[in-house]
Amino acid sequence: MAFLEELLEGGSTYRVKGTEGGAIFQPISDSDDDLDAFQDIVGQIEDNEGDGYDVFLTHPVSTRGRNLIDRIVITID
């Protein structure tokens, strides 16, 4: 559960918005560098799924053509 608590505090490469029963994570900006940096937190979120939350949605960027994720939504148990 410690990972989830840290995740919900936000970070230097992403912003978090709490929702009813979950949270939405997005890069800090739309720049290529921030989008690239966000992929690390996407991987961590996916790797820790089941530790108090489930991944509900991963949204790929359609305009960059590099299979990057620009939004990930979780539901909290």
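The values are calculated or read from the model by the stated rules, or taken from the named source; none is laboratory data. Predicted, not measured: the structure shown is a model, and the values here were computed from it. Heads up, the Cβs are rebuilt from the backbone with ideal geometry, glycines too, and the neighbour counts pull from every protein chain shown.
Here are a few things to note about the model shown:
Residue by residue, here is whether (1) at positive phi; (2) charged (D, E, K, R) holds:
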position	(1), (2)
Ser31	no, no
Asp34	no, yes
Phe38	no, no
Gly52	yes, no
Phe56	no, no
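- Residue list for region 22-60, filter: more than 13 Å from the chain's Cα centre (by Cα) and over 20 Å from Glu9 (Cα atoms): Asp30, Ser31, Asp32, Asp33
- In region 3-27, the residues that are at pLDDT 95 or above reach residues that are among the basic types (Lys, Arg) with C-beta atoms within less than 6 angstrom, at least six apart or across chains, in these pairs: Ile24/Lys17; Gln26/Arg15; Gln26/Arg71.
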